[in-house]
Amino acid sequence: MQNFSVKEARQESAIGVAATVSGWIRTRRDSKGGFSFLEVNDGSCLGNLQVVAPAELTNYESEVRHLTAGCSVRVVGQIVASGGAGQATELRAEAITIYGGADPETYPLQKKRHTLEKLREWAHLRPRTNAIGAVMRVRNRVCRSIHDFFQEDGFLYIQTPIITASDCEGAGEMFRVTTLDADKPARTPAGEVDFAQDFFGKRTHLTVSGQLEGEVYASALGKIYTFGPTFRAENSHTSRHLAEFWMVEPEAAFYELPDNIDLAQAFLKRIVGDVLRDCQEDLALFTERIDADLMPRLEKLVADDFVRLPYTEAITRLTDSGESFEYPVTWGSDLQAEHERFLTEKQFGAPVVLYDYPASIKPFYMYVNEPDTAGRLTVRAMDVLVPGVGEIIGGSQREHRLEVLERRMAEQSLDPAEYWWYTDLRRYGSVPHSGFGLGLERMVQYVTGMANIRDVIPFPRTPLSAEF
Ligand code: 4AD
Ligand code: MG
């Protein structure tokens with residue numbers, strides 16, 4: 001007797017095997033011939049396993065005929081060829097054990113399809129639905145590709161800290177880390193008792209990016225990547241922002257901006273290619289329910305080179321487009337979602353890499369270019385924009401010249417004492433280097449077509465929605 005997942009039991013090669021399969025009932029149908037069909041799912045794949053439960057089972061009348069959606073079972077039987085449509089096999093039950101019931105009066109996931117908004121209220125039960133199950137299998141596949149891609153290319157996986165004193169992005173969107181010390185109540189300037197203490201006397205935050213620490217390791221080990229939870233206390237209520245998300249950040253010594261763009265393109269192609277090959281069943285569900293154009297969009301990303309466009313040219317294209325944008329753009333403005341959408345969806349119908357952004361809208365650490373012919377200052381930033389999602393990657397070549405870095409820090413009123421270790425990297429054996437960050441959830445949105453970022457992470461953290 002072998003333990004099989006539903007996925008394994010659905011393979012034609014399993015026919016003839018005596019197997020035990022465990023899972024949750026999706027539906028039960030009783031036939032007039034004195035037996036029942038049970039659809040069982042265990043999350044291993046989208047498809048259910050059809051279990052044929054004969055009336056001869058000792059608990060057929062007492063239990064099997066009362067099974068409803070959500071009940072958990074263990075079925076022992078023979079895997080046989082199935083005459084049913086959409087399935088190669090079925091399991092002929094010889095014994096069924098019921099682990100747990102699910103009262104149909106109160107179990108929320110009835111046969112009716114719920115909206116994704118409604119399912120967010122049941123964060124603890126929604127993984128049992130087809131849509132969220134499919135998203136999480138694809139998310140898992142994406143994570144595996146991320147590691148495979150970098151590991152095969154010689155990048156070392158480095159864990160950067162979650163508690164940190166530096167604000168990499170300079171946007172001030174940080175969660176402060178404090179300790180509770182009831183013995184030493186501090187007073188706020190208003191005189192209220194505040195039990196929260198700075199972490200060991202130093203002001204620290206949850207990381208907004210592992211980049212600066214990643215640069216430390218790239219400056220010694222060459223090619224590294226970090227992959228971990230990242231926090232932004234931005235009060236955005238959009239379908240693309242979370243307060244807690246996962247970011248993958250490669251950092252490579254001796255890489256200049258074009259190398260960085262090449263890396264980002266190869267990386268995205270690898271992830272999408274792996275998902276296309278290994279997640280066909282789940283992608284078919286997204287195509288049917290969420291986005292009919294999903295497959296051609298993904299296939300195009302793998303097949304074609306990305307468009308590469310300097311920021312200055314993007315601004316010209318936007319202003320020449322004749323579109324009436326809610327936020328008009330001029331040289332120096334940050335691009336809004338509507339502009340990203342115009343470039344990726346209307347203008348090119350493809351992923352677009354924008355680079356060489358105005359220095360004034362980018363953080364201190366980006367490599368400063370020579371002023372352009374109009375005397376304007378740009379930095380070697382790059383954003384990868386994709387149709388449907390917009391910005392999926394943000395990165396840059398880093399400033400490795402000490403004097404320029406110090407000047408930029410002064411311009412942005414950053415205290416050099418706080419960044420002494422970062423400037424040391426430029427003092428001792430400084431090299432050109434580059435890196436970028438990919439938001440995992442935006443990547444999963446892209447490959448599934450899911451419109452809302454809250455539906456591609458197991459437990460979304462957004463303002464007003466951290467249920468548990
Ligand atoms: O563009 P960002 O802010 O870049 C950085 O943090 C760099 N330090 C990364 C680097 O160069 N190592 O963020 C990178 C990506 C974005 O393109 C987006 O995909 C994702 O992280 N991201 C978010 N995803 C979900 N919710 C948010 N609030 C996000 N903020 C950024
Ligand atoms: Mg960005």
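The values are calculated or read from the model by the stated rules, or taken from the named source; none is laboratory data. These numbers were taken from a predicted model, which means no experiment stands behind them. Cβ placement follows ideal geometry from the backbone for every residue including glycine, while neighbour counts extend to all protein chains displayed.
Take T230 and decide whether it is surrounded by 23 or more Cβ atoms within 10 Å (Cβ to Cβ) and either near ligand 1 (Cβ under 8 Å from one of its atoms) or hydroxyl-bearing (S, T, Y) (or both). Yes. Take the residues of segment 144-156 that are more than 15 Å from ligand 1 (Cβ to nearest atom) and of a type outside the set (D, E, K, R): which is surrounded by the fewest Cβ atoms within 10 Å (Cβ to Cβ)? Residue satisfying both the conditions and the ranking: G154. Out of everything in segment 373-387 that is over 15 Å from L268 (Cα atoms) and not basic (K, R), what residue ends up being nearest to ligand 2 (Cβ to nearest atom)? So, considering only residues that are over 15 Å from L268 (Cα atoms) and not basic (K, R), the one nearest to ligand 2 (Cβ to nearest atom) is A381.
Going through (1) in contact with a helix residue (DSSP H, G or I) (Cβ under 8 Å, 6 or more places away or on another chain); (2) hydroxyl-bearing (S, T, Y); (3) not assigned by the TED database to the domain that holds A243 one by one, T178 falls short only on (1). Set side by side, the residues V368, V379 differ, and just one is in contact with a helix residue (DSSP H, G or I) (Cβ under 7 Å, 6 or more places away or on another chain), free of Cβ contacts under 8 Å to residues at least 24 places away in the same chain and β-branched (V, I, T), which is V379. Of all residues in segment 124-158, those that are part of a helix (DSSP H, G or I), of a type outside the set (K, R) and in contact (Cβ under 8 Å) with a residue 12 or more places away in the chain total 17.
Here segment 159-173 is the region considered, the condition is being part of a loop (DSSP other than H, G, I, E, B) and among the hydroxyl-bearing types (S, T, Y), and the residue that is nearest to T204 (Cα to Cα) is S166.
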